[in-house]
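Everything below concerns the one structure shown next.
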Amino acid sequence: MATTPIHRRISDRPLYLLAAIIFPLIVLAGFARTYYLKGFFPTPALPNLIVHLHAIIMTAWVVLFIVQVTLVAKRRTKLHQRLGIFGAVLAALVFVVGILTGLYAAARFLENPSLAAPGDPPPLPFLIIPLGDMVIFAVLISAALYYRKRLDIHKRLMLLAAINLLTPAIARIPLEFIVKGGPLAFFGLTDLVLIGFVAFDTIRHKRLHPALLWGGLFLILMQPLRIILAPTEAWISFAAALVRLVQ
């Protein structure tokens, strides 16, 4: 008698557990000297309250990512869904406070240019980098929330949103090739992390998931677009208008 073959569902837990280990290590490597282990390094004092608030909110986001991955791994989906409401509020705070932090930093360097280290990019052109990170994060998180009932899409978009937020941490890792390489270095390393996770997922499932394809392309294409737009008169005028709002 013919039997129907049993197709076992492939677990995604290894991918997200790996992310829950690697992502906080990258964040710690990037921000240890200037925040988490600041007392052990002669780095400048944090300039204002908004930077402390930004650090607390971003740390909370990383912790929540780890907790949510752990809950799914332990099949505690109900609690995962309840925490999702808090996650949506926290994501909104990440966006708003991230934008404000970028604007206040640009205003500070414009008011006191001597604060900039030799070789630092001008504040207005550079502002497109952190603001762009926040826009990408908002798009990916909004899409993830929209597809919250399509778990295969939802969790991959959340993964991409988390990878996008690694760029500021990677940019602050005190390695010479990153410091000297600028955007090409820290965007390139972010893309390597992205490609690694996409490859892991694709090999495991024997297909490239559309959420990773289109979300990954969006994340990558926004990088050169920002580099191209940064020195233009249109962007500098727009950035100056934004900075005036916090001055």
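The values are calculated or read from the model by the stated rules, or taken from the named source; none is laboratory data. All values derive from a computational prediction rather than experimental measurement. All Cβ positions, even for glycine, are placed from backbone atoms using ideal geometry, and neighbour counts span all protein chains on display. Remember, those area values only see protein heavy atoms, side chains included, never the ligands or the DNA or RNA. Shrake-Rupley method; radii C 1.70, N 1.55, O 1.52, S 1.80 Å.
Which of the residues spanning the range 142-172 are over 16 Å from Gly216 (Cβ atoms) and open to solvent by less than 10 Å² (accessible area, probe 1.4 Å)?
Of everything in the range 142-172, those that are over 16 Å from Gly216 (Cβ atoms) and open to solvent by less than 10 Å² (accessible area, probe 1.4 Å) turn out to be Ala169, Ile170.
If I ask for residues that are within 21 Å of Phe109 (Cα to Cα) and surrounded by 15 or more Cβ atoms within 10 Å (Cβ to Cβ), which ones from the range 31-52 would you list?
Phe31, Arg33, Thr34, Tyr35, Ile50, Val51
Checking the structure you have, find out if any residue of the range 77-92 is open to solvent by less than 50 Å² (accessible area, probe 1.4 Å), more than 19 Å from Pro168 (Cα to Cα) and not in a helix (DSSP H, G or I).
Within the range 77-92, not a single residue is open to solvent by less than 50 Å² (accessible area, probe 1.4 Å), more than 19 Å from Pro168 (Cα to Cα) and not in a helix (DSSP H, G or I).
In the range 95-122, which residues are in contact (Cβ under 8 Å) with a residue 60 or more places away in the chain and open to solvent by less than 40 Å² (accessible area, probe 1.4 Å)?
Within the range 95-122, Leu103, Ala106, Ala107 qualify.
Residue-wise test of (1) under 26 Å from Phe95 (Cα atoms); (2) modelled with pLDDT under 95; (3) not small (Gly, Ala, Ser).
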{"residue": "Thr167", "(1), (2), (3)": "yes, no, yes"}
{"residue": "Ile170", "(1), (2), (3)": "yes, no, yes"}
{"residue": "Gly181", "(1), (2), (3)": "no, yes, no"}
{"residue": "Asp191", "(1), (2), (3)": "yes, no, yes"}
{"residue": "Val198", "(1), (2), (3)": "yes, no, yes"}
{"residue": "Arg204", "(1), (2), (3)": "no, yes, yes"}
{"residue": "Pro210", "(1), (2), (3)": "yes, no, yes"}
{"residue": "Trp214", "(1), (2), (3)": "yes, no, yes"}
{"residue": "Leu217", "(1), (2), (3)": "yes, no, yes"}
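Looking only at the range 228-244, decide whether some residue is open to solvent by 50 Å² or more (accessible area, probe 1.4 Å) and either under 22 Å from Leu166 (Cα atoms) or under 22 Å from the mean Cα position of the chain (by Cα) (or both).
yes
On the basis of being closer than 19 Å to Phe187 by Cα and without any contact (Cβ under 8 Å) to a residue 12 or more places away in the chain, does Pro130 make the cut?
Taking the combined requirement at face value, the residue does not satisfy it.
Which residues, taken from the range 173-204, are within 28 Å of Pro14 (Cα to Cα), among the charged types (D, E, K, R) and either open to solvent by 50 Å² or more (accessible area, probe 1.4 Å) or in contact (Cβ under 8 Å) with a residue 40 or more places away in the chain (or both)?
If the condition is that a residue be within 28 Å of Pro14 (Cα to Cα), among the charged types (D, E, K, R) and either open to solvent by 50 Å² or more (accessible area, probe 1.4 Å) or in contact (Cβ under 8 Å) with a residue 40 or more places away in the chain (or both), then Asp201, Arg204 are the ones that fit.
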